[in-house]
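Trainee: Once you've had a glance at the structure underneath, I'll fire off some questions.
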Amino acid sequence: MGSLLSCLSDSAPSASPPPPLVAKRRSSASSRGRGGGGGGGAKAVTIDEEALAAAAALVLGQRSSFGGGGAFERSASVRYAAKRQQGQGPPLPRSSSTRPRSLADPELHPQQLLAKDLNTKDLETNIIVLVHGGGFGAWCWYKTIALLEDSGFRVNAIDLTGSGIHSYDTNKIGSLTQYAEPLTSYLKSLGDTEKVILVGHDFGGACISYAMEMFPSKVAKAVFLCAAMLKNGHSALDMFQQQMDTNGTLQRAQEFVYSNGKDQPPTAINIDKSLLRDLLFNQSPTKDVSLASVSMRPIPFAPVLEKLVLTEEKYGSVRRFYVETTDDNAIPLHLQQGMCDSNPPEKILRLKGSDHAPFFSKPQALHKTLVEIATMPPAQTS
């Protein structure tokens, strides 16, 4: 999302249409496919829809605590552990991934992943709510969900309005309130004494900030994962105007959608799928880039322009943590650091070697970081 917003730095906050040189103009008709009305375009759309449905089914089928579905199947190393300790059972299946594992995301033993010495029931809260970034959906957290659930946490991955498998038309989203409604509805449904840890990625940072202002008593901690961590009176566009593009990839990647006509402000932003890897997934496995290419949806434009109202009494009462990603081409490290300097969190953590999608490129390191934050004791009140 940050990669998209940086390209809008010359756009007026009034949401007037951007000049043609900044991004490819795209009508609502062209946004439905590049096939020009031919059978090949319709077939491509059908394939994309089927792939998205499959990814959605995977996410729904693997959520347990909040979706009514079955739990994630544990990894092979866990399922076969007991038999292997007794000298029985087949050898463990080998991973099909050919990507070399970096030192920044080392392979962990099953007992480390499961954190057997961790009793999550003793924590301030063991509920973690994952909020995706612009264009993403709950599907992007599939590795993180599995690892956290294996460690004893209750996990809920939210599909924001018009995202993931949420069926609403992205072009009709007119405010941040509307965009974040699935998140705020969930928080509203919690019991009076229940609290959660919010994790916001990318533009999801603006959404959890909005939720923190609305329900401060229900948020124990807020984690900004290479996310927009805004100050009062700022919009996501304001924050990313500082980003400088040096290679033109950002401008080439975004495609504005004008569902109300080209004489009206854009309603959404698409990302050129041919540039996804360079922009968002430069350190991620190919299979995850493929998943994203058939699962990502347009980003609603109106919430990007909306200035947040954040108070010290509400938003400021929630403990904030920022997780930096060092190899991020979408929200560069210097921009992340700038947000932390102007709006300091309680603690800054870093994922070395991670691109803009640490849930793909550094899942183990991300898991360890989230557990570290979750296990930090409650702040002492004087």
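Trainee: If you go through region 182-219, how many residues are in contact (Cβ under 8 Å) with a residue 24 or more places away in the chain and open to solvent by 10 Å² or more (accessible area, probe 1.4 Å)?
Mentor: Looking only at that region, the number is 13.
Trainee: Evaluate the following for K273: is it open to solvent by 20 Å² or more (accessible area, probe 1.4 Å), in contact (Cβ under 8 Å) with a residue 24 or more places away in the chain and either of a type in the set (K, R) or within 22 Å of M239 (Cβ to Cβ) (or both)?
Mentor: no
Trainee: List the residue pairs whose Cβ atoms are under 9 Å apart, where the first residue sits in region 290-310 and is under 16 Å from L230 (Cα atoms), the second is of a type in the set (D, E) and open to solvent by 10 Å² or more (accessible area, probe 1.4 Å), and the two are 6 or more positions apart or on different chains.
Mentor: K307/D238; L308/E213; V309/E213; L310/E213
Trainee: Please tell me if I127 is at pLDDT 95 or above, under 16 Å from the mean Cα position of the chain (by Cα) and surrounded by 17 or more Cβ atoms within 10 Å (Cβ to Cβ).
Mentor: Here the answer is no, as I127 does not meet what is asked.
Trainee: Let me ask something additional. Would it be correct to say that E149 is in a helix (DSSP H, G or I), over 17 Å from the mean Cα position of the chain (by Cα) and over 23 Å from A228 (Cβ atoms)?
Mentor: Considered against the rule, which asks whether it is in a helix (DSSP H, G or I), over 17 Å from the mean Cα position of the chain (by Cα) and over 23 Å from A228 (Cβ atoms), E149 comes out as yes.
Trainee: Could I ask something else about it? Would you confirm, using the coordinates I've provided, whether F301 is farther than 30 Å from L118 by Cα and open to solvent by less than 10 Å² (accessible area, probe 1.4 Å)?
Mentor: Against the criterion (farther than 30 Å from L118 by Cα and open to solvent by less than 10 Å² (accessible area, probe 1.4 Å)), F301 qualifies.
Trainee: Out of S354, S342, I need the residue that is among the small types (G, A, S), more than 23 Å from F256 (Cα to Cα) and at pLDDT below 95. Which one?
Mentor: After applying the criteria, what remains is S342.
Trainee: Applying the selection to region 316-344, what residues are among the hydrophobic types (A, V, I, L, M, F, W, C) and farther than 18 Å from A206 by Cβ?
Mentor: L333
The values are calculated or read from the model by the stated rules, or taken from the named source; none is laboratory data. Because the structure is a prediction, the values reported are computed rather than measured. Using ideal geometry, Cβ is built from the backbone for each residue, glycine included, and neighbour counts are taken over all protein chains shown. Surface accessibility is based on the protein's heavy atoms, side chains included, excluding ligands, DNA and RNA. Shrake-Rupley method; radii C 1.70, N 1.55, O 1.52, S 1.80 Å.
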